[in-house]
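Down below is the structure, laid out as structure tokens.
The values are calculated or read from the model by the stated rules, or taken from the named source; none is laboratory data. Quick caveat: nothing in here was measured; it's all calculated off a predicted structure. Glycine also receives a Cβ, built like all others from the backbone with ideal geometry; neighbour counts cover every protein chain displayed.
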Amino acid sequence: MERKSRIDATGAMILIIFMAVLGLNQVGIKIVNDGMAPVFQAALRSVAACVIMFVYCLWRGIKIDTRMAVLIPGIATGACFAIEFALLFHAIQITTVARASVLFYTMPFWVAIGAHFFILGEKLNIIRVLGLMLAALGTEPPLVCRRVKL
């Protein structure tokens, strides 16, 4: 595949459509919350996603690893995501979509702050803080920053 240095019209349209779908996702959650419990809705969406992924794996011939060494961490991770989305769906029910979205999308900052205090080797430094700030602005770090080992 040819590497492009600039985005073309097709790529831009795909990104715009994708961002619109992501933006409308939480609006859809808010609308459906009126007729369906948030936790049930989150579970239903997750089950549908699992079915789609399972069919995709079958279609592509991708073997699903069911060893306990893989299964247990996978279930634990899935449980954490289930709790996260149950809380997100509930938050959207009790507040505005805009407020829930702003709080939800500040998660990388909270993860970085938590990692700074609880994970060895994940200390925030000036380059990482600058990277977080640039990410929040939606800009790409200059080439010099990408060469620095973080």
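Scanning the range 35-91 for residues that are β-branched (V, I, T) and within 20 Å of N25 (Cα to Cα) yields V39, V47, V51, I52, I83. Residues in the range 65-74 that are surrounded by 11 or more Cβ atoms within 10 Å (Cβ to Cβ) and not small (G, A, S): V70, L71.
The number of residues in the range 31-41 that are surrounded by fewer than 10 Cβ atoms within 10 Å (Cβ to Cβ) and either of a type in the set (F, W, Y) or at pLDDT 90 or above (or both) comes to 0. Being farther than 29 Å from L132 by Cα and either in contact with a Lys or Arg (Cβ under 6 Å, 6 or more places away or on another chain) or modelled with pLDDT of 85 or more (or both) is a property that holds for L44.
Can you pull out every residue in the range 16-63 that is in contact with a Leu (Cβ under 9 Å, 6 or more places away or on another chain) and either without any contact (Cβ under 8 Å) to a residue 24 or more places away in the chain or farther than 23 Å from A79 by Cβ (or both)? Answer for the range 16-63, where residues must be in contact with a Leu (Cβ under 9 Å, 6 or more places away or on another chain) and either without any contact (Cβ under 8 Å) to a residue 24 or more places away in the chain or farther than 23 Å from A79 by Cβ (or both): just M36. Applying the condition of being surrounded by 12 or more Cβ atoms within 10 Å (Cβ to Cβ), assigned by TED's automatic domain parsing to the domain that holds P38 and among the small types (G, A, S) to the range 94-115 and asking which residue is nearest to M36 (Cα to Cα) yields A100.
Restrict the check to the range 79-91 and report whether at least one residue is more than 15 Å from the chain's Cα centre (by Cα), within 24 Å of A20 (Cβ to Cβ) and surrounded by 12 or more Cβ atoms within 10 Å (Cβ to Cβ). The answer is yes; a qualifying residue exists. Residues that are more than 21 Å from A20 (Cβ to Cβ) and touching a residue at least 12 places away in the same chain (Cβ under 8 Å) within the range 104-124 comprise P108, F109, A112, L124, listed in sequence order. Of the set (1) more than 21 Å from the chain's Cα centre (by Cα); (2) more than 28 Å from G138 (Cα to Cα), all apply to R3 but (2).
For the range 113-150, residues that are modelled with pLDDT of 90 or more and not hydrophobic (A, V, I, L, M, F, W, C) total 4.
Inspect all residues belonging to the range 58-80 and state whether any of them is at pLDDT 90 or above, of a type in the set (G, A, S) and in a loop (DSSP other than H, G, I, E, B). Yes, because at least one residue in the range 58-80 is at pLDDT 90 or above, of a type in the set (G, A, S) and in a loop (DSSP other than H, G, I, E, B).
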